[in-house]
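Q: Take this structure first; my questions come after.
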2 protein chains.
Amino acid sequence: MSSEVQQQLVSYLNDAHAMEMQSIEVLEKAVEIAGDIQLAQLYRGHLNDTRDHERYVKQRLEDLGESPSTLKNLAGKAGAMGLGLLAQAMPDTPAKLAGVAFAYENFEVAAYEMLRKVAEIAEDQDTVSMCDRILPSEKQAAAVIEENLDLAVQRSLEETAGIPGPGAGEDSGAHA
Amino acid sequence: MSSEVQQQLVSYLNDAHAMEMQSIEVLEKAVEIAGDIQLAQLYRGHLNDTRDHERYVKQRLEDLGESPSTLKNLAGKAGAMGLGLLAQAMPDTPAKLAGVAFAYENFEVAAYEMLRKVAEIAEDQDTVSMCDRILPSEKQAAAVIEENLDLAVQRSLEETAGIPGPGAGEDSGAHA
């Protein structure tokens, strides 16, 4: 492969690594402020997967003779991806948290679909396989968060307005 | 409905309005820096829909006797949603732009699903109907962006590394 494509592949892998590091930070806070046992379990489960993803991406960088970005560079990298200030600006209700988490999981889906395309062009089958391993997990996380949006709303209404929900969590499917 | 639920409904509507105002800003910049005619058309098409959504939400607030947040309050409101700095930190390549746009559309999907739930609890059928009108458009926008992620990667590789793509846009479906 050309050295330009190789450089771009490493750049996408570095971005993916920064994204996973930030995801770990967001999910750790999400577990604390989930507002509901079921929501906390959901975030905790995906936090474990996210730690695996971070290791896979780091390993891939090392296999290519690169070292992942240092922590010092991480903030800038994550910022460059446009969602970088998420971790600092954590939402204040279970509902807003769920909305942001859903958006972030989808951001990760897009990032791995694009990394996969670059890896294809670079003819790096190992990175393609890694993306195929990680993508279903990110899509699953997004789907489970979406199924729990109604529950998150219910908990938020209880917290902010003292409104007890009529069987919160029973009918928490997507609407449209 | 109780005044607490009513207050929460207005708060969610205000957040949705701030979100649409920010979405207009993001999409206007996205059209300029799309990096490809097809991508620019995609953003422009959804910009038109987004202007409609903003009007629907504003109208709903006015029907409830509220005025939408002033511009002065918008930054704070959008910031509170956790994706507020998106507009200032616009991505620098067609690929990163597409990734952020995809995440933002999904954020809007989650926001309207949650607004719909609050409206259901508040027994506000007009707001439920509005969400049912807007949600398919947001989901469609997210789906079309996802279909074009490969094209966005191709254009980014051309811009940043001078790598011409083998039939860019031909095989731009989702992978997993």
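Q: Would you pick out the residues in region B:126-153 that are among the hydrophobic types (A, V, I, L, M, F, W, C), without any contact (Cβ under 8 Å) to a residue 60 or more places away in the chain and open to solvent by 30 Å² or more (accessible area, probe 1.4 Å)?
A: B:A143
Q: Look through region B:101-125, keep the residues that are without any contact (Cβ under 8 Å) to a residue 24 or more places away in the chain and within 16 Å of the chain's Cα centre (by Cα), and return whichever of them is nearest to B:A143 (Cα to Cα).
A: Once the filter is applied, the top-ranked residue is B:A103.
Q: In region B:84-122, what count of residues is obtained for those that are under 16 Å from A:K96 (Cβ atoms) and at pLDDT 55 or above?
A: 15
Q: Say we look at region A:127-159 and pick out the residues that are among the polar types (S, T, N, Q) and within 11 Å of chain B (Cβ to nearest Cβ); which of these is farthest from B:A119 (Cα to Cα)?
A: Filtering region A:127-159 for residues that are among the polar types (S, T, N, Q) and within 11 Å of chain B (Cβ to nearest Cβ), the one farthest from B:A119 (Cα to Cα) comes out as A:S137.
Q: Hey, among the residues in region A:28-50 that are open to solvent by less than 20 Å² (accessible area, probe 1.4 Å) and touching a residue at least 60 places away in the same chain (Cβ under 8 Å), which one's nearest to A:P94 (Cα to Cα)?
A: A:A34
Q: Step by step: first the residues of region B:1-24, then only those that are of a type in the set (D, E) and surrounded by 17 or more Cβ atoms within 10 Å (Cβ to Cβ), then the one that is farthest from B:G65 (Cα to Cα). Which residue is that?
A: B:E20
The values are calculated or read from the model by the stated rules, or taken from the named source; none is laboratory data. A quick note: this is a predicted structure, and the numbers were derived from the prediction, not measured. FYI the Cβ positions are ideal-geometry reconstructions off the backbone, even for glycines, and counts take in every protein chain you see. Remember, those area values only see protein heavy atoms, side chains included, never the ligands or the DNA or RNA. Shrake-Rupley method; radii C 1.70, N 1.55, O 1.52, S 1.80 Å.
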